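Novice: This structure is in structure tokens; I'll ask about it shortly.
Any read-out appearing in this document is the output of simple, stated calculations on the displayed coordinates, not a laboratory observation. Here the structure is a predicted model, which means the values were calculated and not measured. Note that each Cβ is placed from the backbone with ideal geometry, even for glycine, and that neighbours are counted across all protein chains shown.
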Amino acid sequence: MSNKSYFNPDDLKKFGNITEFQEELGKKFFDYYAAVFEDGALTKREKSLIAIAVAHTVQCPYCIDAYSHDLLQKGVDEESMMEAVHVAAAIKSGATLVNSVQMMNHVKNVSM
Amino acid sequence: MAIKQKGKSLQARDAQLADTFFQLKVLNGKEISDQKYPPFAEQVGSTTDHTVLRPIYPEIFQINIGKLCNQTCAHCHVDAGPDRKEENMDRATLVRCLEILDQTQIKTVDITGGAPEMNAHFRWFVEECSKRDITVMNRCNLTILRANKKYHDLPQFFKEHGVHIISSLPYFSKKRTDSQRGDGVFEDSIAALKALNEVGYGVEGSGLLLDLVYNPAGAFLPGDQADLESEFKRQLAERFDITFNSLFAITNMPISRFLEYLISSGNYEDYMTELVNAYNPSTVDGLMCRNTLSVSWDGYIYDCDFNQMLDLKVSAASQHIDDFDIEALMQRSIVLNQHCYGCTAGAGSSCGGETV
Ligand code: SF4
Ligand code: SF4
């Protein structure tokens, strides 16, 4: 183990190996994961756009690499990818800001 | 608008990769990268019934009429460009091709290049094929139709001879198209598609076929062909009011200028790994080398256009059209090497798109 960094892009390729320590649950997870991304009420393309947005909010570099690549393969353009991330960012900042009402309430409650 | 060239051909730059033997060394882990991938021929042998890959009777006679092109795309597997003025098929070689077509049962000619329309004998050859009731497919880079006034009537010419047009358009946006093919290519391509639509190409009920070729603008594989086709149809209709028939999703082969791009961008090993991991044995039956003969500008015969660009001639006594012998060619085994992984990834890839 000469690599001392926490994040190694090559580890993404080893994701499937998580079954090594717990096969049954790992396998269930991968089956579930594959089923989630099949065409359904939402298309695979829409699901990948949601995935890239969520990947940014959970700040997972592996998922960001994986879904950027996946979206390129699906022929999705750069604007759509960035708009998806803006949706994530808007919800995150909105969620931060809406809590400021709590801050304002408290300040008003205890102020003269 | 004039196209700003991406650069010069490997040959004009005297690049190491202009040497096809050097390219094969790279692909076999002997130069640049020491990464070795399972030998393709063994992979086919152990996963399919094809211990050696044999052809069926040729259905398509693909002629690479020359390397001259008005573009210098970054991914070009032909290493074509405006500087490739020498390698273009002459009239005598085309006459010989016609003789072969007269002697065999092959009913389709697929003309590729370079920009085939720049060959001085192009129109004459199409007329000759048309007289013989041979279907002509022309691989048109689109911008050539706008490159010079002398090409402006080509849509009408294609229509008169019922030529099946197969056009490359890597993407429906300017940024990704121009990054692969040169600044200005997108706008000219859109203008050319409109001109083709105007005479009826790609228009329902016209019988005039206009297919598009999509190949990724970078080190990634094409996604599902049907999904890409519907996305291209929707986007081109909404943005530009353009229609077309089918979209062929083609994987970029790790050879020539695309190999150079892969190496210089640091993507070579990851790309090869992706191709090898995506190997799909069910693509093998439909590989285009099984139903196609590929002829170079100087009359040599190859299993496919990719083998042609690596100078891997057919493994048969009949290696040149002057010694054309269909029986000998039918007995040959197809020459395979590591670049072939580009044809068997995912749903497969050929000049007609997916193979499964
Ligand atoms: S990819 Fe086609 S259009 Fe581009 S340089 Fe090569 S032959 Fe010309
Ligand atoms: S590169 Fe040519 S010979 Fe190799 S699999 Fe593809 S079509 Fe066949």
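Novice: Report the residue count in the stretch B:274-315 for those that are part of a loop (DSSP other than H, G, I, E, B), within 21 Å of B:PRO116 (Cβ to Cβ) and near ligand 2 (Cβ under 8 Å from one of its atoms).
Specialist: Residues in the stretch B:274-315 being part of a loop (DSSP other than H, G, I, E, B), within 21 Å of B:PRO116 (Cβ to Cβ) and near ligand 2 (Cβ under 8 Å from one of its atoms): 2 in total.
Novice: Within the stretch B:316-347, track down each residue that is small (Gly, Ala, Ser) and either within 9 Å of ligand 2 (Cβ to nearest atom) or closer than 16 Å to B:THR20 by Cβ (or both).
Specialist: Once the filter is applied, which keeps residues that are small (Gly, Ala, Ser) and either within 9 Å of ligand 2 (Cβ to nearest atom) or closer than 16 Å to B:THR20 by Cβ (or both), the stretch B:316-347 yields only B:GLY342.
Novice: Across the stretch B:217-227, which residue is surrounded by the most Cβ atoms within 10 Å (Cβ to Cβ) among those that are more than 7 Å from chain A (Cβ to nearest Cβ) and part of a helix (DSSP H, G or I)?
Specialist: Only one residue fits best here, namely B:GLN225.
Novice: If you scan the stretch B:67-111, which residues turn out to be assigned to a strand (DSSP E or B), within 22 Å of B:LEU169 (Cβ to Cβ) and more than 8 Å from ligand 1 (Cβ to nearest atom)?
Specialist: B:LEU68, B:ASP110, B:ILE111
Novice: Right, next: If I filter the stretch B:244-271 down to residues being in a loop (DSSP other than H, G, I, E, B) and more than 16 Å from ligand 1 (Cβ to nearest atom), which single residue comes out as farthest from the other protein chains (Cβ to nearest Cβ)?
Specialist: B:ASN245
Novice: So if I check each of B:HIS121, B:HIS152, which one is surrounded by fewer than 16 Cβ atoms within 10 Å (Cβ to Cβ) and farther than 30 Å from B:TYR341 by Cα?
Specialist: Testing whether each residue is surrounded by fewer than 16 Cβ atoms within 10 Å (Cβ to Cβ) and farther than 30 Å from B:TYR341 by Cα leaves just B:HIS152.
Novice: A follow-up question, please. For the stretch A:50-63, does any single residue satisfy the condition of being surrounded by 14 or more Cβ atoms within 10 Å (Cβ to Cβ), in contact with a helix residue (DSSP H, G or I) (Cβ under 9 Å, 6 or more places away or on another chain), more than 14 Å from every other protein chain (Cβ to nearest Cβ) and of a type in the set (S, T, N, Q)?
Specialist: The answer is yes; a qualifying residue exists.
Novice: May I ask you to list the residues in the stretch B:194-216 that are touching a residue at least 60 places away in the same chain (Cβ under 8 Å) and either more than 19 Å from the chain's Cα centre (by Cα) or within 12 Å of chain A (Cβ to nearest Cβ) (or both)?
Specialist: B:ASN215
Novice: Next question, about the same structure. In contact with an Asp or Glu (Cβ under 9 Å, 6 or more places away or on another chain), within 14 Å of chain A (Cβ to nearest Cβ) and farther than 19 Å from B:ALA192 by Cα - does that describe any residue in the stretch B:228-243?
Specialist: Checking the stretch B:228-243: not a single residue is in contact with an Asp or Glu (Cβ under 9 Å, 6 or more places away or on another chain), within 14 Å of chain A (Cβ to nearest Cβ) and farther than 19 Å from B:ALA192 by Cα.
Each row is one residue, and each column tells you yes or no for (1) within 24 Å of B:VAL95 (Cβ to Cβ); (2) surrounded by 22 or more Cβ atoms within 10 Å (Cβ to Cβ); (3) over 17 Å from the mean Cα position of the chain (by Cα).
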| position | (1), (2), (3) |
| --- | --- |
| B:SER282 | no, no, yes |
| B:ARG290 | no, no, no |
| B:LEU293 | yes, yes, no |
| B:SER296 | yes, yes, no |
| B:GLY299 | yes, no, yes |
| B:PHE306 | no, yes, no |
| B:LEU312 | no, no, no |
| B:ALA317 | yes, no, yes |
| B:PHE324 | yes, no, yes |
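Novice: Right, A:MET103: within 14 Å of chain B (Cβ to nearest Cβ) and without any contact (Cβ under 8 Å) to a residue 24 or more places away in the chain or not?
Specialist: Here the answer is no, as A:MET103 does not meet what is asked.
Novice: Could you list, in sequence order, all residues of the stretch B:131-172 that are in contact with a strand residue (DSSP E or B) (Cβ under 7 Å, 6 or more places away or on another chain) and away from ligand 1 (no atom under 16 Å from the Cβ)?
Specialist: Of everything in the stretch B:131-172, those that are in contact with a strand residue (DSSP E or B) (Cβ under 7 Å, 6 or more places away or on another chain) and away from ligand 1 (no atom under 16 Å from the Cβ) turn out to be B:ILE134, B:THR135, B:VAL136, B:PHE158, B:HIS161, B:VAL163, B:HIS164.
Novice: A:LEU12 fails exactly one of the following numbered conditions: (1) surrounded by 11 or more Cβ atoms within 10 Å (Cβ to Cβ); (2) without any contact (Cβ under 8 Å) to a residue 40 or more places away in the chain. What is the number of that condition?
Specialist: Unmet for A:LEU12, out of (1) surrounded by 11 or more Cβ atoms within 10 Å (Cβ to Cβ); (2) without any contact (Cβ under 8 Å) to a residue 40 or more places away in the chain: (2).
Novice: Under the condition of being charged (D, E, K, R) and assigned to a helix (DSSP H, G or I), which residue from the stretch B:112-134 is nearest to the chain's Cα centre (by Cα)?
Specialist: Among residues in the stretch B:112-134 that are charged (D, E, K, R) and assigned to a helix (DSSP H, G or I), the one nearest to the chain's Cα centre (by Cα) is B:GLU117.
Novice: In this structure, does B:ALA192 turn out to be more than 23 Å from B:LEU10 (Cβ to Cβ), buried (at least 21 other Cβ atoms within 10 Å of the Cβ), of a type in the set (A, V, I, L, M) and touching a Phe, Trp or Tyr at 6+ places or on another chain (Cβ under 6 Å)?
Specialist: Considered against the rule, which asks whether it is more than 23 Å from B:LEU10 (Cβ to Cβ), buried (at least 21 other Cβ atoms within 10 Å of the Cβ), of a type in the set (A, V, I, L, M) and touching a Phe, Trp or Tyr at 6+ places or on another chain (Cβ under 6 Å), B:ALA192 comes out as no.
Novice: Another question, if that's okay. What is the residue count in the stretch A:61-112 for residues that are of a type in the set (Val, Ile, Thr), under 26 Å from A:ASP11 (Cβ atoms) and within 13 Å of the chain's Cα centre (by Cα)? Please lay out each step first, then the result.
Specialist: From the stretch A:61-112, those of a type in the set (Val, Ile, Thr) are A:64, A:76, A:85, A:87, A:91, A:96, A:98, A:101, A:107, A:110; that's our starting set.
In the following step, the residues that additionally are under 26 Å from A:ASP11 (Cβ atoms) were identified as A:64, A:76, A:85.
Applying the additional criterion that residues be within 13 Å of the chain's Cα centre (by Cα) yields A:64, A:85.
Going through the stretch A:61-112 one residue at a time, the tally reaches 2.
Novice: Considering each of A:MET103, A:MET112 in turn, give the residue that is part of a helix (DSSP H, G or I), aliphatic (A, V, I, L, M) and farther than 26 Å from A:PHE7 by Cβ.
Specialist: From the options A:MET103, A:MET112, the qualifying one is A:MET103.
Novice: How many of the residues making up the stretch B:316-356 are assigned to a loop (DSSP other than H, G, I, E, B), within 16 Å of ligand 1 (Cβ to nearest atom) and either within 22 Å of B:ASN28 (Cα to Cα) or aliphatic (A, V, I, L, M) (or both)?
Specialist: Of the residues in that region, 1 qualify.
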